[in-house]
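Visitor: Encoded as structure tokens, here's the structure I'll be asking about.
The values are calculated or read from the model by the stated rules, or taken from the named source; none is laboratory data. Bear in mind that the values here come from a model prediction, so they are computed numbers and not experimental data. Cβ: placed from backbone, ideal geometry, glycine included. Neighbour counts: every protein chain shown.
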Amino acid sequence: MRAKRPPGSKAANQTGRKRTRWVVAALLLAVAVVAVAVTLTRGVSWRDQVPVTRAILSAEDSLTLVVNTCGGEPAVDLLREQNETVEVAVVSTRTFGGSGGEDCQDTIEVKLQAPLGDRNLVDGATGDDLAVDNG
């Protein structure tokens with residue numbers, strides 16, 4: 001049988017530090033496991049500009065824009081109409097993990113001040129020109 005180490009000795013202090021390190025490591029691991037479990041079951045959501053995946057000319061001065069969010073309540077964040085271009089940016093709620101994060105797409109109707117005509121449509125989130133389908 002080992003003899004007990006007297007309190008305050010160097011060996012007792014080292015044993016106490018080792019135990020503290022293990023407790024801290026176990027707590028950090030538990031927090032990480034809980035964070036991963038919440039992310040996988042409930043998901044993590046945030047609102048941000050999202051790329052437009054499809055643009056449809058629903059009327060000469062109206063666009064239907066499609067974004068890859070599901071129930072994200074998209075809204076127009078930027079609509080800048082100029083002689084040569086129309087720039088539009090959409091903001092929506094994105095979800096990572098959880099159920100339903102990638103199961104559908106959202107649409108939003110955008111009313112222009114003037115017909116789109118020959119103007120280019122630019123995605124404000126990516127800077128890319130968008131092809132416009134006739135609806």
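Visitor: Against the definition (under 27 Å from N120 (Cβ atoms), surrounded by 15 or more Cβ atoms within 10 Å (Cβ to Cβ), in the same structural domain as R119 (by TED's automatic domain parsing) and modelled with pLDDT under 95), how does T93 come out, yes or no?
Guide: It is false that T93 is under 27 Å from N120 (Cβ atoms), surrounded by 15 or more Cβ atoms within 10 Å (Cβ to Cβ), in the same structural domain as R119 (by TED's automatic domain parsing) and modelled with pLDDT under 95.
Visitor: Considering only the range 107-115, I want to know if a residue exists there that is in the same structural domain as V50 (by TED's automatic domain parsing), out of contact with any strand residue (DSSP E or B) (no Cβ under 8 Å at 6 or more places or on another chain) and at pLDDT 95 or above.
Guide: Checking the range 107-115: at least one residue is in the same structural domain as V50 (by TED's automatic domain parsing), out of contact with any strand residue (DSSP E or B) (no Cβ under 8 Å at 6 or more places or on another chain) and at pLDDT 95 or above.
Visitor: Taking the range 60-90 on its own, how many of its residues are surrounded by fewer than 17 Cβ atoms within 10 Å (Cβ to Cβ), modelled with pLDDT of 95 or more and of a type in the set (G, A, S)?
Guide: Going through the range 60-90 one residue at a time, the tally reaches 2.
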